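The values are calculated or read from the model by the stated rules, or taken from the named source; none is laboratory data. Keep in mind that what you see is a predicted model, and the values were worked out from it rather than measured. Using ideal geometry, Cβ is built from the backbone for each residue, glycine included, and neighbour counts are taken over all protein chains shown.
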Amino acid sequence: MGRIKKCANIIKELTEENPWFEIGASSVIGGRNYQQDFGYIYGDSRKAVAVVCDGMGGMEGGERASRTAVEVFAKDLQEEKPDANIPGFLMREAERMDREVADLKDGEGKPLKSGTTMVAVCCKGSQMDWISVGDSKIYLIRGETITALNIEHNYRQMLKEQLEAGQITQEFYQREEKTRQAEALTSFIGMDRINLIDWGKTPCKLEDGDIVMLCSDGVYKSIDHYQILGMIRDNDLDMEIAADRLTAMALRYGGKRQDNTTVILMRYRQF
């Protein structure tokens, strides 16, 4: 399974050696005063699973939301041990995480009003299922190409879809796309009945050497696809080193305003 660096906000449960995947992880607080990203890595001899959640709602709210979502997922994965109908399990988990986060209360017993994004993948051999809510990302790196598997659930994406459908004008799109509101999420875990869920309709067939990357938006909002691909390819002998250098690169470009940044890399090897 490879070495996994100890990150306080990443839960790791590597129960057995998995010969198909090498996993690396890195997470930094960035220029923020508190960490709202949370991650999860699970591995046994049959499957490899990874989750990244990026919380929102202030220091306590965002941290509790992302941690709660990950802990719910981890507990259910251990109890159910799904081997069949993985997409069904992932869909149920998104809904369950949503309810649990929506039910969180503050110290006075009032609704915490927090939320979190979520991306998750479950790999069995060369078959990978995935799910996404919010604007964290899942990338597939194959050879010299990098492809985002999921779409961002934000106002900008909604505008793009409305423009393509002829529901708004190009002028309106260009004006709205430049506003800060463009980054506002249109779907997230904790909204109590999720608006949008993105998932792989069929399993993604991995090829030898493919690298799957899960990350919070602190990565792709600081460095572009070509920089991500170049950094991974320059350091792909070791997934942990590649993950560390990606977060370091995001910090360098993001500077004092850099958001919390979390990366999980999973390299598939065919035997």
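Restricting attention to the range 75-105, the residues that are at pLDDT 90 or above and over 26 Å from Gly218 (Cα atoms) add up to 14. Against the test of being buried (at least 16 other Cβ atoms within 10 Å of the Cβ), β-branched (Val, Ile, Thr), in contact (Cβ under 8 Å) with a residue 12 or more places away in the chain and outside any strand (DSSP E or B), the options Ile264, Ile228 yield a single qualifying residue, Ile228. Right, Ile138: touching a residue at least 12 places away in the same chain (Cβ under 8 Å), surrounded by 23 or more Cβ atoms within 10 Å (Cβ to Cβ), closer than 15 Å to Arg267 by Cα and under 15 Å from the mean Cα position of the chain (by Cα) or not? Judged against the criteria, Ile138 is a match.
Considering the range 35-62, and only residues there that are assigned to a loop (DSSP other than H, G, I, E, B) and in contact (Cβ under 8 Å) with a residue 40 or more places away in the chain, the residue that is nearest to Tyr268 (Cα to Cα) turns out to be Arg46. Restricting attention to the range 184-219, the residues being touching a helix residue (DSSP H, G or I) at 6+ places or on another chain (Cβ under 7 Å) and assigned to a helix (DSSP H, G or I) number 2.
The set of residues in the range 44-74 that are among the small types (Gly, Ala, Ser), modelled with pLDDT under 95 and surrounded by 18 or more Cβ atoms within 10 Å (Cβ to Cβ) comprises Gly57, Gly61, Gly62.
Scanning the range 142-175 for residues that are within 18 Å of Asp224 (Cβ to Cβ) and either acidic (Asp, Glu) or touching a strand residue (DSSP E or B) at 6+ places or on another chain (Cβ under 7 Å) (or both) turns up Glu144, Ile146, Thr147, Ala148, Leu149, Asn150, Ile151, Glu152, Asn154.
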